[in-house]
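The values are calculated or read from the model by the stated rules, or taken from the named source; none is laboratory data. Small disclaimer: the values here were computed from a predicted structure and weren't measured. Quick reminder, even Gly has a Cβ in these numbers, built from the backbone with ideal geometry, and neighbours come from all protein chains shown. Note: areas computed on protein heavy atoms with side chains; ligands, DNA, RNA excluded. Shrake-Rupley method; radii C 1.70, N 1.55, O 1.52, S 1.80 Å.
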Amino acid sequence: MFAHLPIETDRLILRPWRPEDLEPFAELNADPEVMAYFPAVLSRQESDATAARVRQGIDRVGYGFFAVEVKEGPSFVGMIGINVPSYSAWMPCGPCLEVGWRLSRTAWGKGYASEGARACLGLGFQVLQVTRIHSFTTVGNTRSRAVMQRIGMERDPSADFDHPMVAADSPVARHVLYHIDRETWAARHL
């Protein structure tokens, strides 16, 4: 297992996945509000398959979308992490490292996404020594876009793109791309 897990912040523990995470993960993936900016909600089988891919990725490379536990709170509220999307070769950033999150509605509005994402940026820049990290979402996902801005990311409007894994006629096909460089992050955090 990755030597840097778990990752602890003031309020969160980003940790490896456990079998008991599957049920609350399936619940959040079946929530139409949580999945409003994805092509569709996920069935239990699809959710379990997603969790298995995420776990396998962490086992293979040592990082990915970690399970999120709230200290003195719920033992699972979603996932936050860094990942190289399998389809990123077809994105404007080319193969790239992304920071991302998916949290249950009960965890919204508490700053957890920003807090966990900042910790993951630190992992990417300090441990993995990458030079740039990206994040992306649909044009209308103002909540996620606000998180990207809060963690210091900047949007490049010329890099907006149609997601390669979403049908071209889908209302969630068009995506915005944000990024942060190691130097920018270091100037704010070191």
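Inside region 16-60, residues that are free of Cβ contacts under 8 Å to residues at least 12 places away in the same chain, more than 27 Å from ASP169 (Cα to Cα) and of a type in the set (A, V, I, L, M, F, W, C) make up a count of 1. Exactly one residue among ALA49, ALA40 is open to solvent by less than 50 Å² (accessible area, probe 1.4 Å) and either small (Gly, Ala, Ser) or touching a helix residue (DSSP H, G or I) at 6+ places or on another chain (Cβ under 9 Å) (or both), and that residue is ALA49. Considering region 1-37, and only residues there that are open to solvent by 80 Å² or more (accessible area, probe 1.4 Å) and outside any loop (DSSP other than H, G, I, E, B), the residue that is nearest to VAL127 (Cα to Cα) turns out to be GLU8. On inspection, SER158 fails the criterion of being part of a helix (DSSP H, G or I) and open to solvent by less than 30 Å² (accessible area, probe 1.4 Å). Of everything listed in (1) assigned to a helix (DSSP H, G or I); (2) farther than 19 Å from ALA117 by Cα, the single unmet condition for VAL54 is (2).
Residues in region 130-148 that are without any contact (Cβ under 8 Å) to a residue 12 or more places away in the chain and open to solvent by 80 Å² or more (accessible area, probe 1.4 Å): THR142 alone. For region 80-96, a tally of residues being outside any loop (DSSP other than H, G, I, E, B) and open to solvent by 10 Å² or more (accessible area, probe 1.4 Å) returns 3.
Please determine, by comparing only the residues of region 97-109 that are in a loop (DSSP other than H, G, I, E, B) and either in contact (Cβ under 8 Å) with a residue 40 or more places away in the chain or hydrophobic (A, V, I, L, M, F, W, C) (or both), which one is surrounded by the fewest Cβ atoms within 10 Å (Cβ to Cβ). Step by step, filter region 97-109, then rank; the result is TRP108.
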